[in-house]
Amino acid sequence: MHDLLAGLMETLTLVNIAFIIFGVATGIIVGAIPGLNGPMAIAVALPLTYYLSPLAALAFLIGISKGSMFGGSISAILINTPGTPEAAPTAFDGYPLTQQGKGLKALKMSLFSSAIGATAGDLILFFTAAPAAILALMMGPAEMTAVLLFSFTIIAGLAGKSPMRGCLAAIFGVFLSVVGLDPESTLPRLTFGSVQLQDGIPLIPLTIGLLALSEILLQIEDHLMRGDASGRRNDIFSKDAPRENRTVTRADWRSCARTIWRSSLIGIGIGALPGVGAVVAGFLGYASAKRNSPNGDKFGTGQLEGVAATEAANNAVTGSALIPLLAIGIPGNLTATILIGAFLIHGVQPGPLIFKEHGALVYGLFGAMALADLFTLTLGAVGLRLFSLVLNVPNAVLYPVIVLLCMAGAYSSDNSMFGVAIALIFAVLGYLMRKLDFSFATFLIGFALGRQFELFFRQSLILFRDSPAQLLHHPIAIAFVLLTIVSLWRIGRKKPAAGAQAEPSPSFAGAENVQ
Amino acid sequence: MRQSDIFSGLFLAALGVLTIFVIIPREITVSENYGLNPQIFPLTVMWLGTAVALLLVIVRLRQPKPADADPGPMQPKNWLFIVAISAFLAATYVAFETLGFLVAAPAALALLMLSMGEYRHPIRLVLVSACVPLAIYYSFDRLFVIQLP
């Protein structure tokens, strides 16, 4: 109780509230810019939080995450180009609504359903993370190895059109995590004589390169090959438009309420599974709404339910994705993976002990999440007109400036050019991975979890190498091993999607062609 | 994607074999004195990676060829782009290290903007490439106490 009150009181300090507002506003702007997304912005902002207090740093990053999730829908609805991958299904019905002169109505529904979905996800996190952590404390190295193994198969299985490519990316991510000193003998491994590599490949520059810079390279390439496509404007704020085209009416609420709750539940469930993420949740929410709606056959032609379903589902993930992170130290999605870095640079190890050792920080984080939801709603409502103006910044200015910011961000991770070199190498690697449809998300999750997995794996080997029969006394581990086998069997049976053969570029740069 | 999967699978399998038989033995010292041999985990992971890469090749080879010609995700123009941009990024890296941020960044920014067609807006080109690096440099320096090179 003391931790709860202390955490909430700390959240309500002026500095922390200012950082939440700043984070949400940044997130909405970043999310609204096609090609940029929340994890990318968090990766760039992460080094900037070194000098903040742990709660201010986490509140700022959570604000970016929440804001960007809504921001992604702005460009999806206005120019049929999802700002973030999660918002891809939002464009299916959002853009037709804009073409019908109902863009503002679609934006408002997106904002309201985002806020409802995010709040539902947060509430589940607040009430289940601590009990889940108590359960997790009962898990030893064998159980954790089995859980991580299962997570890898789930992540790889849902990573993209080809689960096998997803698996390969995760395996190579795990392999790169072994670079550095051996955890037991402290002998250097795969450092090629480099002193800087003895600490391993730094996560932040790797993330900046793989996520942000590689995406910008794709956008620059797309821009160079297609020519400048900017300059499209939609006057969705015209006073001449009928009122029902600009506001969400009571009838709209009635038709969308059930969809919003159903999608929120889907988002919560998907978010709690390690490594699945908001993209899957958005598509599942949309698919479920289409299946259950009496107007299902009209989806794709401008149904408000389609916008509400996607946004409620992908926003619900932001809260529930932190359940596995806080309870057992496993990130639920890419954002949570990068948040591990934020926890670690402030000396906090996410996992079951976090409630015991840093209880006030966790409850402060919960308070910050609730405030971020509130500010997303208010800033979104106030700034709809302003945020959409960002879309008018020419790509030829925007992308070069982002490249520069990424390089400065990579440098600041350890005040050396080594970080910049890592970011540039992984930018090129990330470009090739995106082009060849190797999931960069599974690679990154494999890399982030690899060290932890190795440690548990080696501890289990040492514990059971003399008496493997002892493993039979660990039913949780056996259950997860069985689940892993079932998951692998399902991956093996799954055929690549038809689109995998036909689609020339899996890059998100071409996401405007989602329909 | 069939053909690119076959090529990337073969490349990764070859990389796996090279890593298992050359890189790991050379770069990881065998030690049995304390705990487990440091080679065990990297070797296990790389054997698994090589096996999955080969599996990808076999699965794709067994698939029938698509009726219409599959252009693949990487065309010569894509390779040209990535080679050119890699060279540009490498040159920017060297310029950052040798000349410093305040000299290299405006030049890099202007070059990127020019390549993206900003020669049509010379005033904006000059203003952005002069002001943005200065703004980044001073905000990192004053706000975040990070001195860029």
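Computed from the coordinates by the stated procedures, all read-outs in this text should not be read as laboratory data. Fair warning: this is a prediction, and the values are worked out from it, not measured in the lab. Virtual Cβ from ideal backbone geometry, glycine too; neighbours counted across all protein chains shown.
The charge dipole of region B:58-149, taken about its Cα centre with unit charges on the Cβ atoms of Lys, Arg (+1), Asp and Glu (-1) only, comes to about 280 debye. Annotation: amide H-H contacts under 5 Å for B:Ile146 (H modelled 1.01 Å from N, sequence separation of 5 or more, or interchain): B:Asp141.
Of the residues B:Leu111, B:Ile24, B:Phe96, the one whose Cα sits farthest towards the positive end of the charge dipole of chain B is B:Leu111 (charges of +1 on Lys and Arg Cβ, -1 on Asp and Glu Cβ, taken about the Cα centre). Which stretch or stretches of region B:98-122 have amide N atoms under 19 Å from the point lying 7 Å from B:Ala90's Cα along the Cα→Cβ direction? Hits in region B:98-122 for B:Ala90 at 19 Å: B:98-99, B:108, B:112.
The Cα-based radius of gyration of region A:391-438, divided by its Kirkwood radius, gives an Rg/Rh of 1.08.
Using the Cα coordinates of region A:269-378, the gyration tensor eigenvalues translate into equivalent-ellipsoid semi-axes of 33, 15, 10 Å, sorted from longest to shortest. For A:Leu344 and A:Ile17, the difference between the fully extended length at 0.36 nm per residue and the C-alpha to C-alpha distance is 115.5 nm. Multiplying the residue separation of B:Gln147 and B:Arg120 by 0.36 nm and removing their Cα-Cα distance gives an extension gain of 6.3 nm.
Normalised by the number of residues in region A:250-333, the average gap of Cα pairs under 8 Å and 6 or more apart makes the relative contact order 42 percent.
The equivalent ellipsoid that matches the C-alpha gyration tensor of region B:90-149 spans semi-axes of 22, 15, 7 angstrom, in descending order.
Taking only the alpha carbons of region B:1-95, we obtain Rg and Dmax values of 18.8, 59 Å in that order.
Residues whose amide H comes within less than 5 Å of that of A:Arg189, counting only those at least five positions distant or on another chain, are A:Gly180, A:Leu181, A:Asp182 (H built at 1.01 Å from N in the peptide plane). Taking the C-alpha atoms only, the angle from helix B:40-62 to the longest principal axis of chain B is near 80 degrees.
So what's the angle, to the nearest 10 degrees on a 0 to 90 scale, between helix B:76-99 and the longest Cα principal axis of chain B? Helix B:76-99 sits at roughly 60 degrees to that axis. Normalised by the number of residues in region B:24-149, the mean separation of alpha-carbon contacts (under 8 Å, six or more apart) gives a relative contact order of 15 percent. With a Cα cut-off of under 22 Å and a minimum spacing of 8 residues unless on different chains, the lysine pairs in the protein assembly as shown number 23. About its Cα centre, the dipole of the protein assembly as shown is roughly 1660 debye, where the only charges are +1 on Lys and Arg Cβ and -1 on Asp and Glu Cβ. Spacing of the modelled spin labels on B:Val17 and A:Met9, each 7 Å from Cα toward Cβ, amounts to 6.7 nm.
For region B:15-149, the Kirkwood estimate of the hydrodynamic radius, built from every pair of different alpha carbons, is 20.4 Å. Taking a quarter of the surface of the Cα convex hull of region A:31-71 gives a mean projected area of 2.5 nm². Across region A:12-22, rounded Karplus estimates of 3J(HN,Hα) from the backbone phi angles (6.51 cos²θ - 1.76 cosθ + 1.60, θ = phi - 60°) give 7, 6, 4, 4, 5, 4, 4, 5, 5, 4, 4 Hz, Gly and Pro being marked x. The Rg/Rh ratio for the protein assembly as shown is 0.95, where Rg is the radius of gyration of the alpha carbons and Rh is the Kirkwood radius.
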